[in-house]
Amino acid sequence: MTPASAPATPLPLGAASAGPGGGPLANGLTPGALAAPDPLAELRGYHLPDPISWWPPAPGWWLLALLGLSLLVLLVGWLVRRHRRGAAARAAQAELAALRAALAQDGDAAACARGLSRLLRRFALVRFPRRAVAGLSGEAWLAFLDAQGGGGRFQSGPGRLLLDAPYRPPQDLPIAELASLVEDWIRRNQRPGGRRP
């Protein structure tokens with residue numbers, strides 16, 4: 001005969017269902033104890049990255065600085081060349097003013113005509129290539145001056161005095177007109193990149 005099974009002991013009211021319903025399991029654990037822990041509970045708080053340092057700059061800033069420096073060097077070089085080119089015209093204008101002042105003081109028209117001729121020659125040698133200016137004399141010199149801004153006033157106007165002054169009486173020399181013509185010629189040829197023969 002089979003042994004009689006022992007009568008089942010009644011369960012307390014709260015533990016009526018065992019297992020997944022929330023009652024104690026066979027090993028005495030509750031179903032909540034077997035559930036996976038909350039993964040968000042183990043995360044640390046926000047950690048911001050270190051602030052970006054201004055040094056060393058990014059490669060783009062290096063390129064921009066190099067470009068800016070190159071432009072600055074080019075600008076300074078251009079300004080220096082421009083100033084040097086204008087220096088001859090400024091010196092010529094100053095010498096012209098001194099010749100006019102000497103003419104007003106002593107009235108020597110022949111000396112003023114010689115001074116104007118020398119001034120034109122020196123300025124032309126600075127402003128134009130030496131091989132185009134140095135060998136010119138007489139009518140060829142006057143033709144060059146007309147071609148470079150004289151407008152025909154050297155060969156057939158007051159500029160003729162550059163050739164005729166030594167052979168004319170001082171009282172017949174229109175020096176004021178010649179000085180104005182020389183001033184105009186210098187002004188027309190002072191710009192860099194102006195006319196070249």
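Odds and ends about this structure:
- Summed over the range 160-179, the residues that are under 15 Å from G115 (Cβ atoms) and assigned to a helix (DSSP H, G or I) give a count of 9.
- Where G149 falls short, out of the listed (1) in a helix (DSSP H, G or I); (2) at negative phi: (2)
- Filter pass, G77 being under 21 Å from L162 (Cβ atoms) and without any contact (Cβ under 8 Å) to a residue 60 or more places away in the chain: no
- Some residue of the range 149-164 being under 29 Å from L79 (Cα atoms) and either exposed (fewer than 15 other Cβ atoms within 10 Å of the Cβ) or not hydroxyl-bearing (S, T, Y) (or both): yes
- A140 being small (G, A, S), assigned to a helix (DSSP H, G or I), more than 17 Å from G86 (Cα to Cα) and in contact (Cβ under 8 Å) with a residue 60 or more places away in the chain: no
- Members of the range 36-73 that are in a loop (DSSP other than H, G, I, E, B) and surrounded by 10 or more Cβ atoms within 10 Å (Cβ to Cβ): P57
- Within the range 143-161, the set of residues being of a type in the set (G, A, S) and either touching a strand residue (DSSP E or B) at 6+ places or on another chain (Cβ under 8 Å) or touching a residue at least 24 places away in the same chain (Cβ under 8 Å) (or both) comprises A147, G149, G150, G157.
- Candidate set from the range 87-118 (those that are surrounded by 14 or more Cβ atoms within 10 Å (Cβ to Cβ) and of a type in the set (D, E)); member that is nearest to the chain's Cα centre (by Cα): E95
Residue-wise test of (1) under 26 Å from G138 (Cβ atoms); (2) assigned to a loop (DSSP other than H, G, I, E, B); (3) in contact with a Pro (Cβ under 8 Å, 6 or more places away or on another chain).
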residue: L75; (1), (2), (3): no, no, no
residue: L79; (1), (2), (3): no, no, no
residue: R82; (1), (2), (3): no, no, yes
residue: A92; (1), (2), (3): yes, no, no
residue: L103; (1), (2), (3): yes, no, no
residue: A111; (1), (2), (3): yes, no, no
residue: L119; (1), (2), (3): yes, no, no
residue: L125; (1), (2), (3): yes, no, no
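Values quoted throughout were computed directly from the atomic coordinates according to the rules given, and no laboratory measurement underlies them. Remember, predicted model here, so these are calculated numbers, not experimental data. All Cβ positions, even for glycine, are placed from backbone atoms using ideal geometry, and neighbour counts span all protein chains on display.
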